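The values are calculated or read from the model by the stated rules, or taken from the named source; none is laboratory data. Owing to the predicted nature of the structure, the values given are computational and were not obtained by experimental measurement. No Cβ is skipped: glycine too gets one built from the backbone with ideal geometry, and neighbour counts run over all protein chains shown. What goes into the accessible areas is simple: the full protein's heavy atoms, side chains included, and nothing from ligands, DNA or RNA. Shrake-Rupley method; radii C 1.70, N 1.55, O 1.52, S 1.80 Å.
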Amino acid sequence: MAKLEILEFPDPRLRTVAKPVETVDDALRKLIDDMIETMYEASGIGLAASQVNVHKRVLVIDVSETRDQPQVFINPEITPLTEDLAPYEEGCLSVPGFYEKVERPSRVRINALDRNDHLNGKLFVDYVSRLKRDRIKKKLQKVHRQQA
């Protein structure tokens, strides 16, 4: 397995709308394994293929306490089960070090394939105010300039 490079906001490649997966094959399973390893190494709880510059509808998550129960979603379809919204503190491996409360449906249904059988070019910063998004963008650009 290989650790993959995670694209960081405001990289325009993060805005690419992912294409549906046509075939679940060994190449896709290797990508999934690499994504899981990358997610764990970055101390994340989720990673979409678009975040590693592979624009396919694949998402891996692990929200377990023990960090040993990864879940894979291929071609996920999310359906709200209620109109009730709830605030959730969100972060993103592509927007490192920033967390904001985002209103999301309180209950959803997810239909997806798994590895044996995200996305739409959206980031959590798209759901916060333009001012907050611009502030985050400027701070990350400054960090990138300092690292270059």
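By how many nm would the segment from residue 41 to residue 64 grow when fully extended, if each residue of separation counts as 0.36 nm and the alpha-carbon distance is taken off? Working shown, then result.
On the way: separation 23, 0.36 × 23 = 8.28 nm, distance 1.55 nm.
Extra length available between residue 41 and residue 64 comes to 6.7 nm.
Any idea what % of Cα-Cα pairs in region 94-134 are farther than 12 Å? Kindly include the intermediate steps, with their values, before the conclusion.
On the way: 601 of 820 pairs.
The answer is 73 percent, as a whole percent.
How much space per residue, in cubic angstrom, does the convex hull of the C-alpha atoms of region 17-135 take up?
Values: hull volume 14.0 nm³, N = 119.
Output value, Cα hull per residue: 117 Å³.
Starting from a Cα-only point model with no solvent, please compute log10 I(q)/I(0) by Debye for region 69-148 at q = 0.15, 0.19, 0.22 1/Å.
Listed by q, the Debye log ratios stand at -0.72, -0.99, -1.13.
Lys/Arg Cβ at +1, Asp/Glu Cβ at -1, dipole of region 81-148 taken about the Cα centre: which of 127, 96, 116 is farthest positive-ward?
96
Sequence-distant or interchain residues sharing an amide H contact under 5 Å with residue 98, placed H: which?
92
Would you mind checking which residues have amide H under 5 Å from residue 9's amide H? H placed 1.01 Å from N; only 5 or more apart, or other chain.
95
Return the carbon/sulfur percentage of the accessible area of region 30-148, one whole number, probe 1.4 Å, all protein chains in place. Mind dumping the intermediate values first?
On the way: 3590 of 7350 Å².
That fraction is 49 percent.
Considering only 10, 39, 76, whose Cα is most displaced toward the positive end of the charge dipole of the chain, charges sitting on Cβ of Lys, Arg (+1) and Asp, Glu (-1)?
Positive-end residue among those listed: 10.
Ordered by residue, what ³J(HN,Hα) values in Hz, to whole numbers, does region 131-145 give under the Karplus form 6.51 cos²θ - 1.76 cosθ + 1.60, where θ = phi - 60° and Gly and Pro are x?
4, 4, 4, 5, 5, 4, 4, 5, 5, 5, 5, 5, 4, 5, 5
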